[in-house]
Amino acid sequence: MSVASLSDFTAAPAKDKLPPVRGYWASVGNRLRYDYLTLFFLSVIAIIVLLAIFAPFIAPFDPTKSSMAYRLKAPGFRNFILGTDELGRDMLSRLLWGGRTSLLMGIVPVCLATLIGGALGVTAGFIGGRTNTLIMRTMDVIFAFPSVLLAVAISGTLGGGAKNGMLALTLVFIPSICRVAESATTQVRALDFVEAARASGGSTVSIIRTHILGNVLGPVFIFASSLISVSILLGSGLSFLGLGVEPPTPDWGLMLSTLRAGIYTQPLLCALPGAAIFITSLSFNLVSDGLRQAMDVKS
Amino acid sequence: MKPMAETDFANPLPINTEDPGGRQQPMLLVQSLQKHFPIKSGILQRQTGAVRAVDDISFSVLKGETLGIVGESGCGKSTLARLLMHLIIADSGTLVFDGDPVSEMRGISLRDLRKNMQMVFQDSYFSLNPRLPVRNSIAYGPIVHGMGKIEAQRLANDLLNRVGLNSEIFGARYPHELSGAQKQRVNIARALALTPRVLILDEAVSALDKSVEAQVLNLLNELKRDFNLTYLFISHDLNVVQYISDRVLVMYLGQIVEIGPVEEIYNKPRHPYTRALLHSRLSMNPADRVNEPPIGGDPPNPINPPSGCRFRTRCVFAEGVCESMQPKLDNVAGDRHLAACHMTNPSSGHSKATS
């Protein structure tokens, strides 16, 4: 809020007692400012992202360097703050590095799917008719498969690897985002201001850019942000099944899978990557919930 | 609204003074305009019928006049407005704008028509983009037609001031921060942004409460004088139409039943439907209490309109000829007052027919 509305306020003549003009995003920001729960989890996400970005500088050990002598040690053993895994690699370093791949698995597919699904949805919604039927029924076919099964099937066909995993997840998310964009566009398209824009002589592209996108972006953005946690979980699931990230690259899901063998010797170790996944996806979920609330109110 | 300062008119607003057709040429000539919305049903989506929203309508709008269009809900008033704006495409019929046929060879293009003819919608809330400051909504049209962004914003500010909204306070606001009347003022400013010659006002004041309705009506009258405009004023409010119109067109079930100068229509209505419509107005005089509805029932289904005269099912004077023959819109008094009723045509065979 602060900057834009302050300048507007000073620009308005002093004789008018009207409240300052506040833009839509400024008012959303203002509401978020008093939503402490969302702010807290937003900072949790920020910390996780920063830790992942600066993993090379923070991590005390090489995440791939193994040691036969120190396998499956409890947290606090020598210099290993969080212990070691089944190949004697430092758990803390692996968790920090693993955050990179897990966050990528969470964010990249959702961003790609938002771009592709959003474009398809807006096109289908705005043009309508046969184009709409063609696009939306195609999406329904993909949508008919359970998302986990579909992700497993696609990445299984394409082969393992982080890239193929992300591609699979992108394909899984496109239909649902497309559907949200389509329904939002269909609603907006029928409103009088779109008719008025057409009456003013606006072209299709210009109307979509000026009048449709601004109204569709909100719901799509909220929905997409709620998918990030799903994507992290699905990505971890793929890695767990050996279809996502390949060892020895650290990844939370993969760590969960490999540490399974040691669950009876060191149950706490096995819980660590699980806790990382849980905290991250919970944070994303709650932040997207807060965003939805902040963006919902019109006045 | 507070009075405007002199400085608000620092730069004069552009006024469209073009008149290529000359004074005598009607601004709009509508000929046999028709729009049937198809009804599709069954698995194969075959057309099984049609809603005859606008059925063979012809009329003209003179330069500088205000033509009021009245009729019950669902009689095709709004469809007619959207057909004129080409927001929906007519099945058949021609539109001649100041001597130039629209979107035909040697005529004017749709783009030019829309520049010269603008529309104000009924619902002031949904006719403004909730995500755009109102100034940008006004500037959109001129920008689309090639005006620079800064220049368009300045024009938008001037127009806001002209319609009685201080641009410094209201320009950057979003529609949800404005009242209904303020939004409708913005809508009027938006329609004026392309310097049109014709303004179609589709129930433009119907959603406003009475006190601000009068303000907006006065504003419309002022703008008409200052901007050299021609109005098509669509409304179901007969008093408002009487106040603002020069001529009135009465529609029933997709057709014109009567058209003429406002005094003649209101004082000497010739069509039974017009009479019933005028009787439905409530009087300020308690002695003129109306206990019975002047007209019974609902309009018939426009999918299957009655044969002959469409009003015959509700008309107290209906006779055999009304069922068998459709009355033509014809002169009743002078060449400016026309009605479509067998009773006004001495040769129709109706028992009450007079000349």
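The values are calculated or read from the model by the stated rules, or taken from the named source; none is laboratory data. Since this is a predicted model, take the numbers as computed values, not measurements. Glycine gets a Cβ as well: all are built from the backbone with ideal geometry, and neighbour counts include every protein chain shown. These accessible areas exclude ligands, DNA and RNA; they are computed on the full protein's heavy atoms, side chains included. Shrake-Rupley method; radii C 1.70, N 1.55, O 1.52, S 1.80 Å.
The figures follow:
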quantity	calculated
Antiparallel DSSP beta bridges within the protein assembly as shown, percent to nearest 5	65
Accessible surface, 1.4 Å probe, highest first, among residues B:ASP55, B:ASP237	B:ASP237, B:ASP55
Chain B: Cys lacking any partner C-beta under 4.7 angstrom	B:CYS75, B:CYS315, B:CYS341
HN-Hα J in Hz across region B:117-134 - Karplus 6.51, -1.76, 1.60, θ = phi - 60°, x for Gly and Pro	9, 10, 9, 10, 8, 5, 7, 5, 6, 7, 8, 10, 5, x, 9, 10, x, 4
Residue-level accessible surface for A:LEU95, protein heavy atoms, 1.4 Å, Å²	30
Other protein chain Cβ atoms within 10 Å, averaged over every residue that makes up B:125-135	6
Chain B: calculated mean residue ellipticity at 222 nm from DSSP helix runs of at least 4, using -39500 (n - 2.57)	-8000 deg cm²/dmol
Mean residue ellipticity (222 nm) of chain A, computed from DSSP H runs ≥ 4 via -39,500 (n - 2.57), nearest 500	-23500 deg cm²/dmol
Of the DSSP H helices in chain A, those whose Cα atoms cover at least 27 Å axially and whose Kyte score averages -1.0 or more	A:91-127, A:162-189, A:213-240, A:267-296
Gaussian network model of chain A, springs between alpha carbon atoms under 10 Å - residue of A:THR170, A:THR280, A:THR131 with greatest fluctuation	A:THR131
Neighbourhood net charge (15 Å Cβ-Cβ; Lys/Arg +1, Asp/Glu -1) for B:MET85	+4
Cβ neighbours within 10 Å from other chains - mean over B:310-317	0
Fraction of accessible area attributable to carbon and sulfur, chain B (%, probe 1.4 Å)	50
Inter-chain Cβ neighbour average for residues B:187-195, partner chain, 10 Å	2
Dipole magnitude of region A:148-261 about its Cα centre (Cβ charges: Lys, Arg +1; Asp, Glu -1), debye to nearest 20	60
Highest-fluctuation residue, B:LYS63, B:LYS149, B:LYS35 considered, GNM on chain B with Cα pairs under 10 Å	B:LYS149
Kirkwood Rh and Cα Rg combined as Rg/Rh, region A:75-227	1.18
Of B:GLY74, B:GLY164, B:GLY320, the one that fluctuates the most in a GNM where chain B has Cα springs shorter than 10 Å	B:GLY320
Cβ-derived FRET efficiency at R0 51 Å, A:ILE58 paired with B:LYS40, nearest 0.05	0.20
Debye-sum result for chain B in log10 I(q)/I(0), which assumes one identical scatterer on each alpha carbon, at q = 0.07, 0.08, 0.09, 0.16 Å⁻¹	-0.34, -0.44, -0.55, -1.44
Peptides ranked, highest mean first, by Cβ atoms within 10 Å: ranges B:335-341, B:271-277	B:271-277, B:335-341
